[in-house]
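Accompanying notes for the structure given below.
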Amino acid sequence: MKITIRRDDNEMEATYEVNENELTILDLKDMIAKNNFGPIIEEQRLEFSNKRLKNSHFLSYYQIKDKSVLILKLQSASTSSSNTSTPSASDDDYDIDDDQLQDARN
């Protein structure tokens, strides 16, 4: 299936061919970084239907289907784990650990 990633900072878009049952959000972030469409994984935040996507979940978990549009928000790596102004779920729920990051880069 094809999905579109739209950057929120300048409305650039990129389309990716993916398998929603085999690709995690972390895998998708890795693809975005490797294609130079977005920053490094730690500085990416993906949203779909106004929900922040957790790295460990597959695209199918969020019911992402063909022709879906995901929003790529950029954040600095230093603020991605220290956001205290939002009373939402802990950023630890969304951050990746060093093993996951190493696996994604291989």
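Every number here is computed from the coordinates shown, using simple stated rules; none is lab data. As the structure is a computational prediction, the values presented were derived from the model and not from experiment. When we count neighbours, we look across all protein chains shown, and the Cβ atoms used for this are built from the backbone with ideal geometry, even at glycine.
Apply the a/c threshold of 1.5 to the C-alpha gyration tensor of the stretch 2-76 and tell me whether it is rounded, prolate or oblate.
On the way: a/c = 1.40, a/b = 1.31, b/c = 1.07.
Rounded is the answer for the stretch 2-76, as its axis ratio a/c remains below 1.5.
Which residues in the stretch 53-76 place their backbone N less than 17 Å from a point set 7 Å from the Cα of N35 along the Cα-to-Cβ direction?
59-60, 64-74
Among R52, R6, rank each residue by its count of other Cβ atoms within 10 Å, from fewest to most, as a rough exposure measure.
Numbers: R52 16, R6 13.
Listed from fewest to most nearby Cβ atoms, that is R6, R52.
According to a simple spin-label model (label point 7 Å from Cα along Cα-to-Cβ), what is the distance in nm between L74 and D8?
Placing both labels 7 Å beyond Cα along the Cβ direction yields 1.4 nm.
Count the net charge of all other residues whose Cβ sits under 13 Å from the Cβ of L28, scoring Lys and Arg as +1 and Asp and Glu as -1. Numbers along the way, then the final one.
Working: positive: K2, K29, K34, R45, K54; negative: E17, E20, E22, D27, D30, E47.
So the surrounding residues net to -1.
With +1 on the Cβ of every Lys and Arg and -1 on the Cβ of every Asp and Glu, and nothing else charged, how large is the dipole of the stretch 11-55 about its Cα centre, in debye rounded to the nearest 20?
Roughly 220 debye, rounded to the nearest 20.
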